[in-house]
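A short worksheet on the structure shown next.
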Amino acid sequence: MAFPFFTKSAPTIADRCRDDSATKLRLRYAPYYHAMEAQQGTTVRLKGRDMIMLASNDYLGLSFHPKVIEAARAALLKWGTSPTGARVSNGSRAYHHELEEKLAAFLGKEACHVHAAGYLSCLSGVAAFAQKGDVILADKNIHSCLWDGIRLSAATVERFSHNNPEDLRAVAASLPADYAKMMVVEGVYSMEGHIARLPELVAVAGEYGCFNVLDDAHGFGVLGREGRGTCDHFGLTDRIDIICGSMSKSLASTGGFVAGDRAFIEYLRTHGKHTIFSASLSPAQAAAASAALDVMQSEPGHLERLRANTRRYTAMLQSLGLDTWGSETPAVPVVIGNKQRAYAFWQALLENGVFTVMSIAPAVPPGKDLIRTAISAGHTDEQLERIAEAFAHAKKKTL
Ligand SMILES: Cc1ncc(COP(=O)(O)O)c(C=O)c1O
């Protein structure tokens, strides 16, 4: 039926994509999707110029470690480039099981399942376990993959203030007792660098019978003994039901993991659509992660160096009077507070040979526009000095 007063037709999807001003702004003017021409450890080449990479999540600096590279090369020769299918059908290999057993033991859990992307693991770590009629209590600053998992679960979501156990209690107390509940938090918040207040959060969640899911993409390799993560850091591994995370940060690879009781991992394998209907982790990526996990345990110097670099770098930024949003980890934001100045600051760092990432609203709360940086065990003393000079210069020029 035609509506006589509304003759203007809606734009087509193709028109909407072509005319989108946000896309034009982000891709043509803003500092995203830069293709580096070369990389060697913490040095990258951009537009013919070598620069220090200060935005990589390779926290332990293992992505160029000879043992990691050799393991990936050997796996390619042994298994080829692709597992050619999903785990449930033709894509399960012995190397998946070996990596899962190693990861489960390292994390202090009975079992583990690895996926081809961290995003997929964290999304599945929520979506496979919660269902319609459940309530998910989520920290309001969790990563997009967890929000997607929440949406796909069809459960009702209730947000609580970032890292705030008192607010978690207030929200949980307002809910009817007969809903099954889940709490979803991160171990280390990637944008803010904050460590979850896990002891208080799990205490509240325990009172309300929550199933606890923790995304430790940025805590794994960084916190705890030998880098076992946030749960180990607090001695609370048994209070978290599902630990999910990514292998693209400290494990110098790509892919992700979900770890928990054997019953939970078996449930994920039979109920998790994203686990069942997606091709499995490729051989070289699994081998790199497995070798990085060995290196983490046999060469403690990388974690010691990471922690020393983090202290030195954060102290340097604070001595310049820059706002690091209370970060206690290698993910260190520098809050500038306004889009234009954040862009100018980002450019000034780039001119001085330091590559960072600008993050502006809506990716961060309004007024928190920031430069997202991450320090690595791979940064040398000389690079740390050059980084300090670049920040001093950028501050003088733009703030
Ligand atoms: C907290 C968090 N969870 C999950 C992911 C997804 O991991 P991946 O990028 O390896 O897919 C990321 C990646 O940025 C992350 O920061």
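Taken together, the values in this text are just the output of simple stated rules run on the coordinates, not laboratory data. Note that the structure is a prediction, hence the values are computed from the model and not measured. For neighbour counting, all protein chains shown are included, and Cβ atoms are generated from backbone atoms with ideal geometry for every residue, glycine included.
Observations on the model:
- Listed residue pairs exceeding 20 Å between alpha carbons, taken from LYS109/LYS132; LYS47/LYS397; LYS368/LYS395; LYS24/LYS339: LYS109/LYS132; LYS47/LYS397
- FRET E, pair GLU266, THR156, Förster distance 22 Å, beta-carbon r, rounded to 0.05: 0.25
- If you wrap segment 37-85 in the convex hull of its Cα atoms and look at it from every side, the mean projected area works out to 5.0 nm².
- Least to most buried among VAL171, VAL222 (fewest other Cβ within 10 Å first): VAL171, VAL222
- Karplus-derived HN-Hα couplings along segment 122-136 (A = 6.51, B = -1.76, C = 1.60, θ = phi - 60°), whole Hz, x at Gly and Pro: 6, 4, 5, x, 9, 4, 6, 9, 8, 8, 3, x, 8, 10, 9
- Put the Cα centre of segment 87-118 next to the Cα centre of segment 59-79 and the gap is 18 Å.
- Across segment 258-376, counting alpha-carbon atoms alone, Rg and Dmax equal 19.7, 53 Å.
- Counting other Cβ atoms within 10 Å as a rough exposure proxy, the listed residues VAL44, VAL68 run VAL44, VAL68 from fewest neighbours to most.
- Computed label-point distance, nm, for sites LYS24 and ARG73 using a 7 Å Cα→Cβ extension: 4.9
- Each residue of segment 168-179 was assigned a 3J(HN,Hα) from its phi angle through the Karplus expression (A = 6.51, B = -1.76, C = 1.60, θ = phi - 60°), giving 4, 5, 4, 5, 4, 5, 7, 9, x, 5, 8, 8 Hz with x at Gly and Pro.
- Whole-number percent relative contact order across segment 144-199, with pairs defined as alpha carbons under 8 Å at least 6 apart: 25
- Local electrostatic count, GLY353, Cβ distance below 13 Å [Lys/Arg +1, Asp/Glu -1]: -1
- Taking the alpha carbon gyration tensor of segment 360-399, multiplying each eigenvalue by 5 and rooting it gives semi-axes of 25, 16, 4 Å, largest first.
- Potential lengthening between LEU399 and GLN340 on full extension [0.36 nm per residue; Cα-Cα distance subtracted]: 20.2 nm
- Couplings 3J(HN,Hα) of segment 334-350, computed from phi: 10, 7, 9, x, 7, 4, 4, 5, 4, 5, 4, 5, 4, 5, 4, 5, 4 Hz, in residue order, whole Hz [Karplus 6.51 cos²θ - 1.76 cosθ + 1.60, θ = phi - 60°; x for Gly and Pro].
- Under conditions of 20 °C and 1.002 mPa s, segment 66-298 yields 122 µm² s⁻¹ as its translational diffusion coefficient, taking Rh as the Kirkwood radius over Cα pairs in the Stokes-Einstein equation.
- Local net charge near GLN40, Cβ-Cβ under 13 Å (Lys/Arg +1, Asp/Glu -1): -2
- Mean Cβ count within 10 Å, highest first, over the residues of peptides 112-121, 376-385: 112-121, 376-385
- Relative to the current alpha-carbon distance between SER319 and GLU351, full extension at 0.36 nm per residue lengthens the span by 9.3 nm.
- For GLU207, the shell of other residues with beta-carbons less than 15 Å away shows a net charge of 0, using +1 for Lys and Arg and -1 for Asp and Glu.
- Taking 25 °C and 0.890 mPa s as conditions, segment 172-294 diffuses translationally at an estimated 157 µm²/s according to Stokes-Einstein applied to its Kirkwood radius (Cα pairs).
- For the chain, the 222 nm mean residue ellipticity estimated from helices alone, with every DSSP H stretch of n ≥ 4 adding -39500 (n - 2.57) and the total spread over all residues, rounds to -12500 deg cm²/dmol.
- Segment ASP178-LYS273, extension gain: residue separation times 0.36 nm, minus the distance between their alpha carbons: 31.5 nm
- Of the residues THR237, THR356, THR84, the one with the fewest other Cβ atoms within 10 Å heads the list, and the complete ranking is THR84, THR237, THR356.
- Kirkwood radius and radius of gyration were both taken over the C-alpha atoms of the chain, and their ratio Rg/Rh is 0.99.
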